[in-house]
């Protein structure tokens with residue numbers, strides 16, 4: 001069976017960090033893929049939602065084009081957590097999914 005292709009990146013305000021990466025996956029899950037729609041354990045869905053909410057704190061919503069309220073340590077800490085989430089998602093989804101990291105370096 002053909003694997004579903006997911007793109008992994010955070011988009012402020014979207015409530016999503018997983019996106020369909022091809023037409024096959026989009027037909028099955030839609031373009032913006034909710035973690036709860038995937039075959040994931042509840043704790044991993046909750047962790048995904050927690051990190052999405054945390055990501056949104058890195059934007060000054062009163063001045064979206066301005067500087068982030070995060071410190072360099074906040075950014076590093078988030079990156080570590082997001083790296084761990086990506087690995088957990090890949091492991092939990094298994095060979096039926098390809099999860100591509102499309103975050104900016």
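The values are calculated or read from the model by the stated rules, or taken from the named source; none is laboratory data. A quick note: this is a predicted structure, and the numbers were derived from the prediction, not measured. All Cβ positions, glycine included, derive from the backbone under ideal geometry; neighbour counts span all protein chains shown.
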Going through segment 93-105 in order, the residues found to be touching a strand residue (DSSP E or B) at 6+ places or on another chain (Cβ under 7 Å) and in a helix (DSSP H, G or I) are 93, 96
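Which of the following residues is modelled with pLDDT under 95 and at negative phi: 64, 39?
Values: 39 fails: modelled with pLDDT under 95.
That would be 64, the only listed residue that is modelled with pLDDT under 95 and at negative phi.
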Qualifying positions in segment 1-44 - surrounded by fewer than 16 Cβ atoms within 10 Å (Cβ to Cβ), more than 23 Å from residue 84 (Cα to Cα), in contact with a strand residue (DSSP E or B) (Cβ under 8 Å, 6 or more places away or on another chain) and in contact (Cβ under 8 Å) with a residue 12 or more places away in the chain: 22, 24, 28, 31
For residues that are closer than 24 Å to residue 7 by Cα and surrounded by 12 or more Cβ atoms within 10 Å (Cβ to Cβ), tally how many sit in segment 46-67. 13
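Among the residues of segment 98-105, are any at positive phi and touching a helix residue (DSSP H, G or I) at 6+ places or on another chain (Cβ under 7 Å)? Quick ask: steps written out before the conclusion?
Quick first cut of segment 98-105, residues at positive phi only: none.
No, segment 98-105 has no match at all.
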Flagged in segment 17-38 as touching a helix residue (DSSP H, G or I) at 6+ places or on another chain (Cβ under 7 Å) and part of a loop (DSSP other than H, G, I, E, B), in numbering order, are 17, 38
Within segment 57-92, considering residues that are farther than 14 Å from residue 10 by Cα, part of a helix (DSSP H, G or I) and in contact (Cβ under 8 Å) with a residue 12 or more places away in the chain, the one farthest from the chain's Cα centre (by Cα): 74
